[in-house]
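Asks: Following this message is one structure expressed as structure tokens.
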Amino acid sequence: MNGYRDLRVALLGAGSVGSQVARLIIEQGDELAARVGARLTLAGIAVRDIDAHRDVELPRELFTTDAETLVLGADIVVELMGGVEPARTLILQAIEAGADVVTANKALIAECGAELAEATERVGAQLTYEAAVAGAIPILRPLRESLAGDHITRVLGIVNGSTNYILDRMDRFGDSAEDAMKVAAELGFLEADPTLDVEGYDAAQKATILASMAFHTNVPVDAVHREGITAITAEQIETAKHAGQVIKLLAIAERVEAPDGSLGVSARVYPALINRDHPLAAVHEGKNAVFVEAEAAGELMFYGAGAGGVETASAVLGDLVSTAKRHVAGGPGIQMSNHAQYEILPVEDVYTRYLIMLEVADEPGVLASVAGILAEQGVSAASVEQAPSKSSRDGDGPRNATLVIGTHTAREAALAATVRALDASDVVRHVTSVLRMEGN
């Protein structure tokens, strides 16, 4: 070490991640000091309840309920409380007092990232949040630094382990959605409010962060198109298998050409089909993976644990060491780049493909009628498969057949209009399923 003074670290929160971060700072003090060039001293841990049970035994004298006083005396604040408030207020107070901030708070960064970045730039502090997306997987630093000289075109990720676990059980073991959710809840994969996972809110927050980082543009979370997995059925899973595909909840961020020819950014979350030979198809159970496409680097995939106390603590410690080394070296913090500021495009402007399952009348001329509807919307079919005919739903009346149509790539607006037109057609009894196809 070079004799630099000890750096005071304030920790906000001592849950599954926070307690592991505290343990690692204490246990690995000498090694961290050698890496940083200064000793990291845990000044205190702010919690709501000092006497609450924790999986990790930590010195009681470190705990306090006075978070404000703690952050105002720190060099680096590590925020692991979760939620927007009081985390936002405490972080802004820390920044204004000259402290750097490390956080894993995806909700805070998704909603207030631009405000916090402006505050750090104003005072020359630094804000890092590697652990806010995909847990232990290093993805934000590669986007910000390793690929800084490249043009990223697309980021495609499985960033919610809970929904991946549910869909994976449905695909590999034939579980119903209800049974898979029950097992996920028993294993602790789901949030206390499961709608945050299954309705795609968690993934949308992470998509915001990925899009903002990859495309140097502030992408508000309310600009992310979001769909969850609650409507996915066993029949859709089986249809995907038959087509050599698998359903995953994907967070997608990409540069897109708008109808006027200008470039914009799209960020969206929805369940989609991917081919079984795509690397993301092999992401099982609660794992996360982020697939990056760049003009020079080509295709890259980052895979690993997307959650877990000690796993996520690894990413937090990485940010902490990097931030502490900046203190020792001196100079202003590395700031987020928002120089591009692309227009945020609605989902209707993106290009994708649909797999549409229809229940139709089993009679001559149906295929021609369906093909005509597609042509009217400027959409062409890449594949059409007809299942054997069957009786109508109530067992009486005319017989029905199942059509499965895979489209060529088209704008989302045209594909959605096609589905509406098919649903209104006299020859279509029912639009059974609509899924997008991505990553192909």
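The values are calculated or read from the model by the stated rules, or taken from the named source; none is laboratory data. Quick caveat, the model's predicted, so the values are computed rather than measured. Positions of Cβ are generated from backbone atoms using ideal geometry, with glycine treated the same way; all protein chains shown enter the neighbour counts. For the accessible areas, the whole protein counts, side chains as well, though only heavy atoms, and no ligand, DNA or RNA atoms are used. Shrake-Rupley method; radii C 1.70, N 1.55, O 1.52, S 1.80 Å.
Asks: Where a ≥ b ≥ c are the square roots of the eigenvalues of the C-alpha gyration tensor, would you call the stretch 117-161 rounded, which needs a/c under 1.5, or, failing that, prolate if a/b is larger than b/c, or oblate? Show your work: numbers first, answer last.
Replies: On the way: a/c = 2.52, a/b = 1.42, b/c = 1.78.
Judged from the Cα gyration tensor, the stretch 117-161 comes out oblate (a/c at least 1.5, b/c at or above a/b).
Asks: Percent antiparallel among DSSP beta bridges with both residues in the chain, to the nearest 5? Spell out each step's value before the answer.
Replies: On the way: 54 of 78 bridges.
Percent antiparallel among DSSP bridges in the chain is about 70.
Asks: Starting from the eigenvalues of the Cα gyration tensor, five times each then square-rooted, give me the equivalent ellipsoid semi-axes of the stretch 49-197, largest first, whole Å.
Replies: Values: eigenvalues 210, 116, 31 Å².
Working through the eigenvalues yields semi-axes of 32, 24, 12 Å.
Asks: Determine the share of the chain's accessible area contributed by carbon and sulfur atoms, expressed in whole percent, with a 1.4 angstrom probe.
Replies: Values: 9130 of 18620 Å².
About 49 percent, which is the carbon plus sulfur part of the accessible surface.
Asks: Also: Evaluate the relative contact order of the chain (contact order divided by residue number), counting alpha-carbon pairs under 8 angstrom at least 6 apart; express in whole percent.
Replies: Numbers: 947 pairs, mean separation 69.9, N = 440.
Reported relative contact order: 16 percent.
Asks: By a straight-distance test (C-alpha under 16 Å), which aspartates and glutamates pair with LYS241 as possible cross-link partners, with residues fewer than eight away in the same chain excluded?
Replies: ASP168, ASP171, ASP175, ASP277, GLU385, GLU438
Asks: In debye, nearest 20, what is the charge dipole magnitude of the chain about its Cα centre with +1 on Lys and Arg Cβ and -1 on Asp and Glu Cβ, if you could check? Walk me through the intermediate numbers first.
Replies: Values: 35 positive and 62 negative charges, 155 e Å.
In debye, rounded to 20, the chain gives about 740.
Asks: In addition: Which one, LEU187, LEU32, LEU92, has the greatest fluctuation when you compute a Gaussian network model over the chain with C-alpha springs under 10 angstrom?
Replies: Residue with maximal mean-square fluctuation among LEU187, LEU32, LEU92: LEU187.
Asks: Highest mean first, what order results for 205-211, 234-240 on Cβ atoms within 10 Å?
Replies: Ranking, from highest mean packing down: 205-211, 234-240.
Asks: Sorted by mean Cβ packing within 10 Å, highest first, what order do the peptides 136-144, 315-323, 398-406 take? List each step's numbers first, then the result.
Replies: On the way: 136-144: 21.0, 315-323: 22.7, 398-406: 17.6.
The peptides rank, most packed first, as 315-323, 136-144, 398-406.
Asks: Report, in deg cm²/dmol and to the nearest 500, the calculated mean residue ellipticity at 222 nm for the chain, where each DSSP H run with n ≥ 4 adds -39500 (n - 2.57) and the sum is divided by the residue count.
Replies: -10500 deg cm²/dmol
Asks: With a/c under 1.5 counting as rounded, go ahead and sort the stretch 184-248 into rounded, prolate or oblate using the C-alpha gyration tensor (a ≥ b ≥ c being the square roots of the eigenvalues; past the cut-off, prolate if a/b is larger than b/c, else oblate). Provide the component values of the computation, followed by the final result.
Replies: Details: a/c = 2.60, a/b = 1.45, b/c = 1.79.
Because a/c hits 1.5 or more and a/b fails to exceed b/c, the stretch 184-248 counts as oblate.
Asks: Another one. Taking square-rooted eigenvalues a ≥ b ≥ c of the alpha carbon gyration tensor, is the stretch 1-80 rounded, prolate or oblate, where a/c under 1.5 means rounded and, failing that, a/b exceeding b/c means prolate?
Replies: The shape class here is oblate.
Asks: Say the dipole of the stretch 115-242 comes from +1 at the beta carbon of Lys and Arg and -1 at that of Asp and Glu; which of LEU190, LEU116, ILE166 then lies farthest toward its positive end?
Replies: After comparing all options, I get LEU116.
Asks: I want to verify the translational diffusion coefficient of the chain in µm²/s; compute it with Stokes-Einstein, Rh as the Kirkwood radius over Cα pairs, at 4 °C and 1.567 mPa s. Don't jump to the answer; show the numbers that get you there.
Replies: On the way: Rh = 23.6 Å.
It diffuses with D of about 55 µm²/s by this estimate.
Asks: Also, quick follow-up: At 24 Å minimum axial length over the Cα atoms and a Kyte-Doolittle cut of -1.0, report the qualifying DSSP H helices in the chain, or say none. Please report the intermediate quantities before stating the final value.
Replies: On the way: long enough: 309-329 (30 Å, 0.44).
Going by DSSP H runs, the hits are 309-329.
Asks: In the Gaussian network model of the chain, springs joining C-alpha atoms below 10 Å, which of LEU108, LEU58, LEU80 carries the largest mean-square fluctuation?
Replies: So, out of LEU108, LEU58, LEU80, the one fluctuating most is LEU58.
Asks: Could you tell me which of the pairs LYS182/LYS287; LYS206/LYS248; LYS206/LYS325 are separated by over 24 angstrom between their Cα atoms in the structure shown? Intermediate values should be presented prior to the final figure.
Replies: Working: LYS182/LYS287 18 Å; LYS206/LYS248 16 Å; LYS206/LYS325 27 Å.
Beyond 24 Å between Cα atoms: LYS206/LYS325.
Asks: Follow-up. Provide the solvent-accessible area of HIS408, counting protein heavy atoms only and rolling a 1.4 Å probe, rounded to the nearest 10 Å².
Replies: Roughly 90 Å² of HIS408 is accessible to a 1.4 Å probe.
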